[in-house]
Amino acid sequence: MALSLLRKSPLLLLRYAPQTRLVAPTPRCLTLSRLLSTEPPKISEPNKTGEKPLDLPKKKPSMGQNKTPMTWKTLGATVIVFSVLLQALWYLKKVRKEETDKKKVMSIGKAAIGGGFELIDSARKTVSDKDFLGKWMLIYFGFTHCPDICPEELEKMAVVIENIDKAENADPMQPLFISVDPERDTPEIIAKYTADFSPKLKGLTGTVDQVKDICKKYRIYYSAGPKEDGDYIVDHTIIMYLINPSGEFTQYYGRNKTAADITRDIVVQMGLYNGKHK
């Protein structure tokens, strides 16, 4: 009967149905529904109910949007500046290393190289280190029977002495040739040998013990080779020593140094010494 009544009049069912009150969604429900919605939220002014608009995150500018575009001109300028800075750093590093190496050599050499000695000159007169105080000395150790190396080094020394004599603000210098072969190098032989290179070159020799003593103080290695028909070669250190007027070791020059290199350094060493003592 009820089913037939519903079919005849559906409005009767609404009349006798319990009354349901519709409630408006709370602001929280509205906010949640908006967040779940796929549509972009609308930004509006606060309404009368006090609801605040949603704070949307600001869009960050993409990378490179505010940067100046790179051009070939700016790229070339950057490469040039970088190359100049790199060369400057390399040069400063090289100069600093050379100064450090020189200081190390000088600090070690003053304590370990050089000292007092007594030898015999070409006039068979005994001379000592005190006879050369107040003068710059350039010393080379060798022997008169040397086939090639000693003559080359002594010719280089002669050029250095000439350059120093011509240089401005350079002090006088005494070059010395000290024999490491006292058995064959007599004063007369040394006098004739040194005269072939420079009139200023002074030759010195001595007894076996005297030569051994000075070579030890200047750290000169020498050793006579096997004898063949009375002739032999003496193996020895190839080096020049620069001694200042106070009798102190100042610098050394190996075989790889040219006469120009040695001259320039001697002039510098003289200037440094005079700046401290005059």
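The values are calculated or read from the model by the stated rules, or taken from the named source; none is laboratory data. What you are looking at is a predicted structure, and each value in this text was computed from that prediction instead of being measured. Virtual Cβ from ideal backbone geometry, glycine too; neighbours counted across all protein chains shown. Areas reflect the complete protein model, heavy atoms only, side chains present, ligands, DNA and RNA absent. Shrake-Rupley method; radii C 1.70, N 1.55, O 1.52, S 1.80 Å.
Summary of values
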{"item": "Among residues of region 208-225, those that are in contact (Cβ under 8 Å) with a residue 40 or more places away in the chain and farther than 15 Å from Gly142 by Cβ, counted", "result": "4"}
{"item": "Verdict on Glu168 being touching a residue at least 24 places away in the same chain (Cβ under 8 Å) and not in a strand (DSSP E or B)", "result": "no"}
{"item": "Within region 185-209, considering residues that are hydroxyl-bearing (Ser, Thr, Tyr) and in contact with a strand residue (DSSP E or B) (Cβ under 6 Å, 6 or more places away or on another chain), the one surrounded by the fewest Cβ atoms within 10 Å (Cβ to Cβ)", "result": "Thr194"}
{"item": "In region 143-184, residue surrounded by the most Cβ atoms within 10 Å (Cβ to Cβ) [restricted to those that are under 16 Å from Ala224 (Cβ atoms) and not hydrophobic (A, V, I, L, M, F, W, C)]", "result": "Ser179"}
{"item": "Of the criteria (1) in contact with a strand residue (DSSP E or B) (Cβ under 6 Å, 6 or more places away or on another chain); (2) surrounded by fewer than 17 Cβ atoms within 10 Å (Cβ to Cβ), which one Lys212 fails", "result": "(1)"}
{"item": "Breaking point among (1) in a loop (DSSP other than H, G, I, E, B); (2) free of Cβ contacts under 8 Å to residues at least 60 places away in the same chain, for Pro175", "result": "(1)"}
{"item": "Filter result for Asp229 (open to solvent by 20 Å² or more (accessible area, probe 1.4 Å), in contact (Cβ under 8 Å) with a residue 24 or more places away in the chain, assigned by the TED database to the domain that holds Ile178 and not β-branched (Val, Ile, Thr))", "result": "no"}
{"item": "Residue in region 223-274 that is nearest to Asp131 (Cα to Cα), counting only those that are among the charged types (D, E, K, R) and within 32 Å of the chain's Cα centre (by Cα)", "result": "Glu248"}
{"item": "Of all residues making up region 61-113, the number that are over 30 Å from Cys215 (Cα atoms), in a helix (DSSP H, G or I) and modelled with pLDDT of 75 or more", "result": "24"}
{"item": "Those residues of region 152-175 which are closer than 24 Å to Asp235 by Cα and either in contact with a strand residue (DSSP E or B) (Cβ under 9 Å, 6 or more places away or on another chain) or polar (S, T, N, Q) (or both), in sequence order", "result": "Glu153, Leu154, Lys156, Met157, Ala158, Pro175"}
{"item": "Residue within region 246-260 that is open to solvent by 60 Å² or more (accessible area, probe 1.4 Å), over 16 Å from Phe143 (Cα atoms) and assigned to a strand (DSSP E or B) present", "result": "yes"}
